[in-house]
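Undergrad: Starting off with a structure, shown below.
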Amino acid sequence: MKRKVFILHEIYGINNFIKMQATAYENTNTKVECISLYPENKIFTYEQEQEAYLHFINNVGFDAPLKLLTHKLLEAKKQYDEVMLVGYSVGATLAWRLSSLPIHRVVCVYGSRIRQYLDVIPACPTLVIFPSTEIGFNIHEIKEALDQYSTVETKQFIGLHGFMDCHNPNYCHESYLQAHFDIIQFLENQQYQGGQQNEAK
């Protein structure tokens, strides 16, 4: 079986964290491709968070990439048995919006702007991962809304936005290990049951 996993990065671009994730998901049957949302493949440091955010909002946004990303995913379906999409932060929100496509699986890791697109109805199994808290909105309200969909599973882990990134000040090692294990299980489809929740303890 041939599988393809696409990764959508955070506001920082394809940095070392995203490259590490790509390596983690790759195996003999699975090819991984990191898609840069920045035409110039720009990379920001964590200290440039505000600059990176403004660059993404002003130059990319959550609408403009959809057509190109849709084309890329559907083209990959012609070549691979399974096509999957994993997004982080802003990439997770884009991945959520693309979950209505007929692809195999979608993973959204701390996509806080998903709350603005609750009208999206995922057509494929979709795993949405949240930290224990986010600034500016109530995660539990969003989880309740998403849990209404039979194709969606929400999980929540101790930590803040960025808890999976060992280079990020918000990194939480235990939560990273748990979330990473769940993502791998979900992508491999190893008796993964939808609709269950893992509350942050």
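Undergrad: Yes or no: Gly87 among the small types (Gly, Ala, Ser), open to solvent by less than 10 Å² (accessible area, probe 1.4 Å) and assigned to a helix (DSSP H, G or I)?
TA: The answer is no for Gly87.
A quick yes/no check of all residues on (1) farther than 22 Å from Ile184 by Cβ; (2) open to solvent by 10 Å² or more (accessible area, probe 1.4 Å); (3) in contact with a Phe, Trp or Tyr (Cβ under 9 Å, 6 or more places away or on another chain); (4) not in a strand (DSSP E or B):
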position	(1), (2), (3), (4)
Ile121	yes, yes, yes, yes
Cys124	no, no, no, yes
Phe163	no, no, yes, yes
Asn168	no, yes, yes, yes
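Undergrad: A further question on this structure: Being under 14 Å from the mean Cα position of the chain (by Cα) and in contact (Cβ under 8 Å) with a residue 24 or more places away in the chain is the filter here; which residues of the stretch 13-31 pass it?
TA: Residues satisfying the conditions are Gly13, Ile14, Phe17, Ile18, Gln21, Tyr25.
Undergrad: I'd like the residue in the stretch 5-43 that is open to solvent by less than 20 Å² (accessible area, probe 1.4 Å) and assigned to a helix (DSSP H, G or I) and, out of all such residues, is nearest to Asn170 (Cα to Cα).
TA: Among those residues, the one meeting the criterion is Phe17.
Undergrad: Let me ask something else. What are the pairs, 6+ residues apart or on separate chains, where a residue within the stretch 157-183 that is touching a residue at least 24 places away in the same chain (Cβ under 8 Å) and over 15 Å from Gln21 (Cβ atoms) has its Cβ under 8 Å from a residue that is part of a helix (DSSP H, G or I) and of a type in the set (A, V, I, L, M, F, W, C)?
TA: Every condition considered, the pairs that remain are Phe157/Ala179.
Undergrad: Is it the case that some residue within the stretch 90-112 is part of a helix (DSSP H, G or I) and either modelled with pLDDT under 95 or on the phi > 0 side of the Ramachandran plot (or both)?
TA: Yes: the stretch 90-112 contains one or more residues that are part of a helix (DSSP H, G or I) and either modelled with pLDDT under 95 or on the phi > 0 side of the Ramachandran plot (or both).
Undergrad: Moving on to the next point. So for the stretch 52-74 (the condition being at pLDDT 95 or above, open to solvent by 40 Å² or more (accessible area, probe 1.4 Å), part of a loop (DSSP other than H, G, I, E, B) and over 29 Å from Phe181 (Cβ atoms)), does at least one residue qualify?
TA: yes
Undergrad: I'm told Gln79 meets every condition in (1) touching a residue at least 60 places away in the same chain (Cβ under 8 Å); (2) outside any loop (DSSP other than H, G, I, E, B); (3) loosely packed, with under 13 Cβ neighbours inside 10 Å except one. Can you identify the failing condition by its number?
TA: That leaves (2) as the condition not met.
The values are calculated or read from the model by the stated rules, or taken from the named source; none is laboratory data. All values derive from a computational prediction rather than experimental measurement. Positions of Cβ are generated from backbone atoms using ideal geometry, with glycine treated the same way; all protein chains shown enter the neighbour counts. Quick note on the areas: whole protein, heavy atoms, side chains included, nothing else; ligands and nucleic acids left out. Shrake-Rupley method; radii C 1.70, N 1.55, O 1.52, S 1.80 Å.
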